[in-house]
Amino acid sequence: MVGLGTLVRRLFSADDAGISVPAMDGVFKPDNRLEEAERLLALPGIDNLVVSPTGLLCSSDKTLLRIDLDGARVSPAAVAEFPAPVTFVASAPGGRLAVGIEGDGLHVGQAGTWKRIELAPDMTSCLTAGVFAPDGALFVCVGSRKHSTRHWKRDLMEHGASGGVFAVDPTEGSGRALAQGLAFPNGAAFLGDGRLAISESWRHRVIVIDLKSAARPMAMLEDLPAYPCRLSSAAGGGLWIALFAPRRQLFELVLREDDYRREMMATIDLDEWIGPELAGSAKPDQPLSQGSIRQMGVLKPWAPSRSYGLVARCDDKGLLRESWHSRADGSMHGITSICEYGGRVYATSRGSGTLLRLAVPANDGGSVHG
């Protein structure tokens, strides 16, 4: 279903930036459940969560870690170190792992037996997500062929649409494109019917690819109020969606004003650009800081902040069922990954460097993993 905002953009604009953003209403009505979630572990740079036969794994900068959740104590243990930041982790049913390394491409294997898989040079610096099929086939997302993962904001501001989804042979490295021309594909997961769901950050949507058909990818969710990141399968059917930053009218305006946007990129430090962020900042010279709504020095939860905390769950048909929020005045922002493990739901707040465990009703999550 095409949202009103998407329809308006198609009528009045040739690009993906709009003149309005969808309100957080209905299923996206703000709450504080993400802010109130159990904070299990402080780990700067925590990013991609994945469930493997050996337990719950996560990445943090150049390190792949296993998280020990036994008992009351939660502790991380290093599994592997890589020469550059880890950009995604995927686990096969048999325990084999695929790890994206910024600038170094794809590594497949297990601790002590890693093998670097040769990919086209323009695919190696921005591998954003991956997922193994039950038969061991590997599918990876290349967010951008022009910019590295760390320069995602530049890709957004340049209206990047050079990303793609590829089926990669995890042994030989040969690849087959399933979809190209995507605007920063940033997450991948399988639906219950075998279709591959992909989050497309800059177009604020989730698309699905039918691997048994030559049909073009179809939109499953459109006009989301935030930028979607990684996906994972929900045990009860459907998807968990991590959304890493909010959409704002000011961002959309900057994306539409080409002269302003180009001058901003040419003359201002990237950290000061007007655009989405993974975490809030207390710096007084930050753009939009004066636009936030404060009363008596207190930032209000409805303030138009550049960062936000948001996860959502949808069913196999793409109907959104529920959302969890950390609002403008919260701190659990920049949610980049979410998954189920052992009947519980875990998420990473990259903005705060925190592993969260969400409060989910027992019949509303699932327990197939772990």
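The values are calculated or read from the model by the stated rules, or taken from the named source; none is laboratory data. This one's a predicted model, so the numbers in the text were calculated from it and none came from an experiment. Ideal geometry is used to build each Cβ from the backbone, glycine not excepted, and the neighbour counts take in all protein chains shown. Side chains are part of the model used for accessible areas, which takes the heavy atoms of the whole protein and leaves out ligands, DNA and RNA. Shrake-Rupley method; radii C 1.70, N 1.55, O 1.52, S 1.80 Å.
Scanning segment 13-32 for residues that are surrounded by fewer than 19 Cβ atoms within 10 Å (Cβ to Cβ), hydrophobic (A, V, I, L, M, F, W, C) and either outside any loop (DSSP other than H, G, I, E, B) or at pLDDT 95 or above (or both) turns up just one, Val27. Filtering Gly309, Gly342, Gly353 for residues that are modelled with pLDDT of 95 or more and surrounded by fewer than 23 Cβ atoms within 10 Å (Cβ to Cβ) leaves a single hit, Gly353.
Filtering segment 137-172 to residues that are open to solvent by less than 20 Å² (accessible area, probe 1.4 Å), part of a loop (DSSP other than H, G, I, E, B) and without any contact (Cβ under 8 Å) to a residue 60 or more places away in the chain leaves Gly143, Ser144, Gly160.
Restricting to segment 179-198, count the residues that are part of a strand (DSSP E or B), open to solvent by 40 Å² or more (accessible area, probe 1.4 Å) and in contact (Cβ under 8 Å) with a residue 24 or more places away in the chain. Break it down into steps so the answer makes sense when it comes.
Filtering segment 179-198 down to residues part of a strand (DSSP E or B) leaves 179-182, 185-190, 196-198.
Imposing the further condition that a residue be open to solvent by 40 Å² or more (accessible area, probe 1.4 Å) reduces the set to 180.
Those still in the list that are in contact (Cβ under 8 Å) with a residue 24 or more places away in the chain too: none.
Residues in segment 179-198 being part of a strand (DSSP E or B), open to solvent by 40 Å² or more (accessible area, probe 1.4 Å) and in contact (Cβ under 8 Å) with a residue 24 or more places away in the chain: 0 in total.
Test Ala303 against the criterion of being surrounded by 14 or more Cβ atoms within 10 Å (Cβ to Cβ), modelled with pLDDT under 90 and in contact with a strand residue (DSSP E or B) (Cβ under 8 Å, 6 or more places away or on another chain), and give yes or no. Judged against the criteria, Ala303 is a match.
Do you know which residues across segment 318-332 are open to solvent by less than 10 Å² (accessible area, probe 1.4 Å) and within 27 Å of Ser52 (Cβ to Cβ)? Correct list: Trp324, Met332. Go through (1) among the basic types (Lys, Arg); (2) closer than 24 Å to Ala98 by Cα; (3) touching a Phe, Trp or Tyr at 6+ places or on another chain (Cβ under 9 Å) for Arg195 and report which single condition fails. All conditions are met except number (3). Selection of segment 178-189 for residues being among the aliphatic types (A, V, I, L, M) and either more than 15 Å from Leu106 (Cβ to Cβ) or modelled with pLDDT under 95 (or both) yields Leu178, Ala179, Leu182, Ala183, Ala189.
I'm trying to understand the selection: among the residues of segment 46-98, which are acidic (Asp, Glu) and closer than 13 Å to Trp114 by Cβ? Talk me through it step by step, then tell me what you get.
Keep residues of segment 46-98 that are acidic (Asp, Glu), which gives 47, 61, 68, 70, 81.
Answer for segment 46-98, where residues must be acidic (Asp, Glu) and closer than 13 Å to Trp114 by Cβ: just Glu81.
Which of the residues spanning segment 224-246 are modelled with pLDDT under 95 and either in contact with a helix residue (DSSP H, G or I) (Cβ under 6 Å, 6 or more places away or on another chain) or not aliphatic (A, V, I, L, M) (or both)? Those that are modelled with pLDDT under 95 and either in contact with a helix residue (DSSP H, G or I) (Cβ under 6 Å, 6 or more places away or on another chain) or not aliphatic (A, V, I, L, M) (or both): Gly236, Gly237. Taking the criterion of being touching a Leu at 6+ places or on another chain (Cβ under 7 Å) and within 16 Å of Ser52 (Cα to Cα), the residues of segment 110-131 that qualify are Gln110, Gly130.
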